[in-house]
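The values are calculated or read from the model by the stated rules, or taken from the named source; none is laboratory data. The structure displayed is predicted, hence computed values, not measured ones. For neighbour counting, all protein chains shown are included, and Cβ atoms are generated from backbone atoms with ideal geometry for every residue, glycine included. When the accessible area is computed, the model is the full protein with side chains, heavy atoms only, and any ligands, DNA or RNA have been set aside. Shrake-Rupley method; radii C 1.70, N 1.55, O 1.52, S 1.80 Å.
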Amino acid sequence: MPGPLLDALKGSILEIPPIWLMRQAGRYLPEYRELRAEKGGFLKLVYDSSAAAEITVQPIRRFAFDGAILFSDILIVPHAMGQGLEFLAGEGPKLSPTLLEAKLDDFTSVADRFDPIYETVRKTRLMISDQVTMLGFAGSPWTVATYMIAGQGSKDQGPARLLAYRDPARMEAICEAIIEVSITYLRGQIDAGAEAVQLFDSWAGSLAPDEFERWVVAPNAKITAAIKQSHPNTPVIGFPKGAGAKLPAYARETGVDAVGLDETLDPAWANSMLPEGMPVQGNLDPLLLEAGGPELPKRTKILIEAFEGRPHIFNLGHGIGQFTPIEHVEQLLRAVRG
Ligand code: CP3
């Protein structure tokens, strides 16, 4: 029997929405910080499938979320494509050489970097009940490309946007390469036990409308079509963060089964603009969760009511912040589940 999260993704309207939180495994959990200190760094955790499975399950044990998201990172795809990757403490990711300094052809792919990730999925699946949905993921090509081009997080994704205007053929080639590897990677996760997958397009919001069609809608549509072809029963969740008014077109044109909403979107607007019956995921402000207080249960209830009549998966509008008190997550769960 599938769990409630998978049910909602397949179109069921449930009285109590299933819930998971983006970045639910991570630094706000003391048990995560402890294991990371022991193993000596984020990437070591990701490539150690026993540690990664343990971290994937930590938030399930503590909060009984309805979904377990694979503990990994969107930048494992460039790493497997042969780009150097480091996570420096407190500084975020560094990729080298950048695609401003090197060409794709200079990289030698290291495809077996995906093997421990698939092993994490298999191990996790054995550690959770069949009521908990196993979620896989990949970054969307545009978001991954912004890191490959700039070598790190970049203000307004300027380097990637400039490259896309100056040399769209090169940008196209970069996206095509990411698409191909991401399809292999997602299929591998599904074969290992992922029951649904999410495409994280965290920087979709920086693009002008025509650019959004070309670098967000088209690549996500290609990946979704490939997954539908090989794994027609595995739901795909698209999360084009910052899409704003472009979300309804994204929902109609990409073929994704469900859409993730960021916290800037009005649930009533989204409900009226999205295709009838399409499941939505979201969209409580992660900073409201961090702040806590009486607004937290109040807004939680309003949000749930706004999506009555449509399949809804409760989530944040973006990842949970590292300074979020654990009691606030517990308070949120009481507000959602009663
Ligand atoms: O949701 C989950 O719990 C699954 C694991 C997951 C991580 N990253 C773990 C992580 C997922 C799904 C991601 C996605 C990811 N990674 C995105 C897209 C979603 C988003 O949040 O926008 C992006 C843009 C990245 C790239 C990335 N990874 C950055 C910019 C950073 C540094 C900033 C930060 O939050 O530390 C990371 C590191 C990272 N990825 C951590 C975790 C738990 C923190 C590493 C640590 O322990 O220091």
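Summary of computed values
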quantity	calculated
Debye-sum result for the range 94-161 in log10 I(q)/I(0), which assumes one identical scatterer on each alpha carbon, at q = 0.15, 0.20, 0.25, 0.26 Å⁻¹	-0.68, -0.89, -1.08, -1.13
Residue-level accessible surface for His318, protein heavy atoms, 1.4 Å, Å²	60 Å²
Mean Cα-pair separation over length for the chain, i.e. relative contact order, pairs under 8 Å, 6 or more apart, %	20 percent
Normalised convex hull volume, the range 124-265, alpha-carbon set, Å³ per residue	118 Å³
Long pairs among Lys155/Lys241; Lys103/Lys241; Lys39/Lys94, criterion Cα-Cα beyond 18 Å	Lys103/Lys241; Lys39/Lys94
In nm, spacing of pseudo-spin labels at Leu14 and Asp266 (7 Å Cα→C-beta vector)	2.9 nm
Cα centre as origin, Lys/Arg/Asp/Glu Cβ charges: the range 209-338 dipole, Debye	300 debye
Solvent-accessible area per residue, Å², over the chain with all protein chains present [probe radius 1.4 Å]	41 Å²
Inter-label distance, nm, simple model (7 Å from Cα along the C-beta direction), Leu100/Glu172	2.4 nm
Heavy atoms of Ser72: accessible area, 1.4 Å probe, square angstrom to 10	10 Å²
Cα centre as origin, Lys/Arg/Asp/Glu Cβ charges: the chain dipole, Debye	220 debye
Centre separation in Å (Cα based) which lies between the range 198-227 and the range 141-186	11 Å
Equivalent-ellipsoid semi-axes of the chain, from the Cα gyration tensor, Å, largest first	29, 24, 19
Cα pair distances of the range 204-338 binned at 10 Å [whole percent]	12, 39, 32, 16, 1
For the chain, share of DSSP beta bridges that run antiparallel, in % to the nearest 5	20 percent
Unit charges at the beta carbon, dipole of the chain: most positive-side option, Gly205, Gly317, Leu35	Leu35
